[in-house]
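Visitor: Take a look at the following structure, please.
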Amino acid sequence: MGISIISNATKHSLKKKRELEDLIRKKGLTLSEKNPDIVISIGGDGTLLAAFHRYVHQLNTIRFIGIHTGHLGFYTDWRDYELEELVDSLAADVDNSSVSYPLLDVQVNYTDQRESKHFLALNECTIRRVTGTMVGNVFIKGELFENFRGDGLSVSTPTGSTAYNKSIGGAVIHPQINALQLAEIASINNRVYRTLGSPLIIASNEWISIQLESHNDHVLSVDQLILSEENIKQIDYKIADERIHFASHRHTNFWSRVKDGFIEGTELKDELM
């Protein structure tokens, strides 16, 4: 078993990374940055997102584990004081057990001769207009659904439903449901222009296309990646063929994560700097 460890830049997380590396070596396990079987992130959800995109071309052979160092995260099942227990569980892992969740497939097409771009997102992809109202036709499974006017649109995965999607009024979806969610960002609704004004849950055999009326000054975000794009003609979204796999030595109940994160608010110490 090869293990790669990715940490954020805080002193505390870097210290825990060194401790984890020592424990892994002592247990006779192998550290492998190039071709790992397990990728462990130390930090928060942002660190796991960075790890995901670093190994996005190896998703079929990798399982992820998240360790949080100060703040409860939706992708982190282990605390920083449980390193020995984590390494013991890795050493005893003989069946490569995992749980997998859907990803978002994004294809960006342009009006000029540029080749289309392809991305995978763990959380969401948003499209916005920089200097004015974004105008675009929204198609679902190839049929026109609405003409959108507003700040932008966000398409999210179930695991991403608790991130930016939730802050703009989207629904929280259990990550074992194969679905996409389309949420509006400050849509314009009056006697002249109308949109549904509610989040849409898109089934696994459907897809979303957004055809933009203006082809300049858009900002496209794919998880943490932000791109200023010109000449975008259309963006297509669907559930990806690939999935993310989490090692299931311990996997916290999703609704417990939601309750702790948004309702009860587990008290945790701030990260040590």
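The values are calculated or read from the model by the stated rules, or taken from the named source; none is laboratory data. Quantities reported herein were computed from a predicted structural model and do not represent experimental measurements. Every residue, glycine among them, receives a Cβ derived from its backbone with ideal geometry; neighbour counts consider all protein chains shown.
Visitor: Taking only segment 242-265 into account, find how many residues are closer than 30 Å to residue 92 by Cα and either at pLDDT below 80 or in contact with a strand residue (DSSP E or B) (Cβ under 9 Å, 6 or more places away or on another chain) (or both). Explain how you work it out, then say what you get.
Guide: Restricting attention to segment 242-265, the residues satisfying the condition of being closer than 30 Å to residue 92 by Cα are 242-258, 260.
Next, only the ones that are either at pLDDT below 80 or in contact with a strand residue (DSSP E or B) (Cβ under 9 Å, 6 or more places away or on another chain) (or both) stay: 242-252.
Looking only at that region, the number is 11.
Visitor: Residue check, residue 5 against (1) part of a helix (DSSP H, G or I); (2) under 14 Å from residue 78 (Cβ atoms); (3) under 24 Å from the mean Cα position of the chain (by Cα), all met but one. Which one?
Guide: With respect to (1) part of a helix (DSSP H, G or I); (2) under 14 Å from residue 78 (Cβ atoms); (3) under 24 Å from the mean Cα position of the chain (by Cα), residue 5 is out only on (1).
Visitor: Could you please let me know if residue 153 is at pLDDT 95 or above and touching a helix residue (DSSP H, G or I) at 6+ places or on another chain (Cβ under 8 Å)?
Guide: Spelling it out, it is not the case that residue 153 is at pLDDT 95 or above and touching a helix residue (DSSP H, G or I) at 6+ places or on another chain (Cβ under 8 Å).
Visitor: Within segment 2-22, can you find the residues that are surrounded by fewer than 17 Cβ atoms within 10 Å (Cβ to Cβ) and touching a helix residue (DSSP H, G or I) at 6+ places or on another chain (Cβ under 7 Å)?
Guide: Here is the first cut: in segment 2-22, the residues surrounded by fewer than 17 Cβ atoms within 10 Å (Cβ to Cβ) are 2, 9, 11, 14-15, 18-19, 21-22.
Listed by number, the list holds a single entry, 19.
Visitor: Taking segment 136-161, which residues are more than 19 Å from residue 218 (Cα to Cα), surrounded by 20 or more Cβ atoms within 10 Å (Cβ to Cβ) and touching an Asp or Glu at 6+ places or on another chain (Cβ under 9 Å)?
Guide: 157, 160, 161 - these are the residues of segment 136-161 that are more than 19 Å from residue 218 (Cα to Cα), surrounded by 20 or more Cβ atoms within 10 Å (Cβ to Cβ) and touching an Asp or Glu at 6+ places or on another chain (Cβ under 9 Å).
Visitor: I'd like the full set of residues that are of a type in the set (A, V, I, L, M) and exposed (fewer than 15 other Cβ atoms within 10 Å of the Cβ), limited to segment 23-33.
Guide: Matches in segment 23-33: 31 only.
Visitor: Can you name every residue in segment 35-46 that is of a type outside the set (A, V, I, L, M) and either in a strand (DSSP E or B) or modelled with pLDDT of 95 or more (or both)?
Guide: Across segment 35-46, the qualifying residues are 36, 37, 41, 43.
Visitor: Related question: Do we have any residue at all in segment 51-63 that's touching a Gly at 6+ places or on another chain (Cβ under 7 Å), β-branched (Val, Ile, Thr) and either assigned to a loop (DSSP other than H, G, I, E, B) or free of Cβ contacts under 8 Å to residues at least 40 places away in the same chain (or both)? Reasoning before the result, please.
Guide: Of the residues in segment 51-63, the ones touching a Gly at 6+ places or on another chain (Cβ under 7 Å) are none.
No, that holds for no residue.
Visitor: Could you check residue 176 against (1) outside any strand (DSSP E or B); (2) closer than 18 Å to residue 147 by Cα and say which number it fails?
Guide: Against the list (1) outside any strand (DSSP E or B); (2) closer than 18 Å to residue 147 by Cα, residue 176 comes up short only on (2).
Visitor: Kindly provide the set of residues from segment 181-227 that are touching a Ser or Thr at 6+ places or on another chain (Cβ under 7 Å) and assigned to a strand (DSSP E or B), ordered by number.
Guide: 181, 183, 184, 185, 187, 219, 221, listed by residue number.
Visitor: In addition: Can you tell me which residue in segment 67-99 is modelled with the lowest pLDDT, limited to those that are in contact with a helix residue (DSSP H, G or I) (Cβ under 9 Å, 6 or more places away or on another chain) and of a type in the set (Val, Ile, Thr)?
Guide: Only one residue tops the list, namely 76.
Visitor: Still on this model: Only one of (1) within 26 Å of residue 110 (Cα to Cα); (2) surrounded by fewer than 19 Cβ atoms within 10 Å (Cβ to Cβ); (3) touching a residue at least 40 places away in the same chain (Cβ under 8 Å) fails for residue 174. Which number is that?
Guide: (1)
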